[in-house]
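The values are calculated or read from the model by the stated rules, or taken from the named source; none is laboratory data. Here the structure is a predicted model, which is why all the values come from computation and not from measurement. Neighbour counts are summed over all protein chains in view; Cβ atoms, including those assigned to glycine, are modelled from backbone coordinates with ideal geometry.
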Amino acid sequence: MTSTAPTRPFVVPSEPPALLLDGITKTYRSKAGAVEALRGVTYHFHQGSFTAVMGASGSGKSTLLQCAAGLDQPTSGSVLLGGIELQGLDEVALTKLRRKQMGFVFQAYNLLPSLTVYDNVALPLRLTGSRPRRQDVQGVLDQVGLADKAKRRPAELSGGQQQRVAIARALITRPAVFFADEPTGALDSTTSRQILGLLREATDRAGQTVVMVTHDPVAAAYASRVLFLSDGLVAGSLDNGSPAQIAAAMSDLER
Ligand SMILES: Nc1ncnc2c1ncn2[C@@H]1O[C@H](COP(=O)(O)OP(=O)(O)OP(=O)(O)O)[C@@H](O)[C@H]1O
C-alpha cells in the first residue's frame with residue numbers, strides 16, 4: 001500500500017536539549033555483590049523544563065541526579081550538558097563546567113557557617129575567578145526575599161531562610177541547569193511553596209532547566225513533567241499532573 005499523505009520534513013529542534021542522558025547505566029560493586037542502580041536511562045531534559053524525578057526508594061533517583069551532574073561517573077553511557085560530553089572532561093574542566101553551568105540545591109543546604117549570607121552567595125562567583133558585583137549579590141538575595149539578611153550567618157537563619165540562601169547561591173552564576181535533591185524535605189509547607197515557586201520562576205522567567213528529585217507529589221506538581229523511575233529504568237512520565245494524579249501514578253508504579 002502506498003501512502004498519499006504528504007511526507008513531512010524531519011524537523012530538527014532549534015534548541016538542543018539542555019541535558020541529555022544517553023543510555024546511562026550505573027553498577028555499584030561491593031563485597032556484598034553488584035547493584036544495578038541504573039539499567040539504561042535515555043532522556044532529554046529540554047531547556048526551560050522543570051522535571052521532577054520520582055520513584056520508590058532505591059529506584060535510582062539520586063544516582064541519576066549524581067550522574068547527570070557529573071558528581072558520579074556512570075558505568076556506561078554518556079551525559080551531555082549543553083552539548084558537552086561530561087565523560088570526555090578531566091576533573092578540572094568538569095569542576096569549571098559545574099561551577100559555571102550547574103546550580104545545586106540539596107536538602108542539606110551546604111552553606112559555609114563562618115561566612116555571612118552575602119559571602120556564601122558571592123562564593124560561586126569568586127570560585128570562578130570573577131569579582132562579585134554588589135548589585136548582583138543583593139539582586140539575587142532580593143529575589144529570594146532575603147535582602148535584609150545579607151550580614152547574618154547561616155546559623156542565625158531558619159531552615160527555610162537557609163534554603164533560600166542556597167537558592168540565591170545557585171542563582172548567582174545563572175546556571176543552565178539546577179539540580180535539586182529533596183530541596184524541601186526538611187521544610188514546612190509554606191516555606192516549601194516559596195522554594196518551589198523560586199525554582200519554577202527560574203524555568204518560566206529565565207529559561208533555566210530544573211531537575212528535581214522528590215518523594216512529595218505536592219512538590220512534584222510544581223514541575224511541568226514528572227519522570228517516574230522504577231528499578232533503574234524510566235517507567236513513564238506525567239505532564240502537568242495535580243498532586244492527586246501524581247500520587248495515583250506513584251501507587252500504580254509501586255503495585
Ligand atoms: N554507593 C553505593 N554503593 C552501593 N550501592 C549503592 C550506592 N548508592 C546507591 N546504591 C544502591 O543503588 C540503588 C539506587 O540507589 P539511589 O540512592 O539512587 O535510589 P533512590 O531512588 O534515590 O532512593 P531513595 O529514595 O531511598 O533516596 C539502591 O539499591 C541503593 O542501595
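Within segment 199-216, track down each residue that is under 13 Å from VAL53 (Cβ atoms) and assigned to a helix (DSSP H, G or I). Within segment 199-216, no residue meets the criteria.
One residue alone among GLN162, GLN138, GLN143, GLN107 is in contact with a strand residue (DSSP E or B) (Cβ under 8 Å, 6 or more places away or on another chain) and closer than 26 Å to ARG193 by Cβ, and that residue is GLN107. When segment 58-68 is limited to residues that are more than 6 Å from the ligand (Cβ to nearest atom) and surrounded by fewer than 22 Cβ atoms within 10 Å (Cβ to Cβ), the one that is nearest to the chain's Cα centre (by Cα) turns out to be LEU65.
Residues satisfying the criterion are absent from segment 232-248 (criterion: of a type in the set (Ser, Thr, Tyr), touching a Ser or Thr at 6+ places or on another chain (Cβ under 9 Å) and not in a strand (DSSP E or B)).
Each residue in segment 234-255 was checked for being more than 20 Å from PRO183 (Cβ to Cβ) and surrounded by fewer than 18 Cβ atoms within 10 Å (Cβ to Cβ), and 14 pass. Number of residues in segment 6-25 that are at pLDDT below 90 and either in a strand (DSSP E or B) or under 17 Å from GLY77 (Cβ atoms) (or both): the value is 1. Just one of GLN107, GLN73, GLN87 is within 16 Å of the ligand (Cβ to nearest atom), surrounded by fewer than 20 Cβ atoms within 10 Å (Cβ to Cβ) and over 27 Å from GLY159 (Cβ atoms); which is it? Checking each option against the conditions leaves just GLN73. Among residues of segment 24-39 that are of a type in the set (Gly, Ala, Ser), those with a Cβ under 9 angstrom from a residue that is within 9 Å of the ligand (Cβ to nearest atom) and part of a loop (DSSP other than H, G, I, E, B), sequence gap 6+ or separate chain, pair up as ALA37/GLY58; ALA37/SER59; ALA37/GLY60; ALA37/GLY232. For segment 122-143, the set of residues classified as in contact with a Leu (Cβ under 6 Å, 6 or more places away or on another chain) and buried (at least 20 other Cβ atoms within 10 Å of the Cβ) consists of VAL140 only.
Does ILE172 satisfy being crowded, with 19+ Cβ neighbours inside 10 Å, among the aliphatic types (A, V, I, L, M) and touching a Phe, Trp or Tyr at 6+ places or on another chain (Cβ under 9 Å)?
no
Quickly run through segment 169-198 and pick out the residues that are assigned to a helix (DSSP H, G or I) and among the basic types (Lys, Arg).
Hits for segment 169-198 are ARG169, ARG193.
Please enumerate the residues belonging to segment 26-42 that are more than 9 Å from the ligand (Cβ to nearest atom) and either charged (D, E, K, R) or within 19 Å of the chain's Cα centre (by Cα) (or both). Passing the criteria: LYS31, ARG39, VAL41, THR42. Please tell me if GLY185 is surrounded by fewer than 16 Cβ atoms within 10 Å (Cβ to Cβ) and under 16 Å from the mean Cα position of the chain (by Cα). The answer is no for GLY185.
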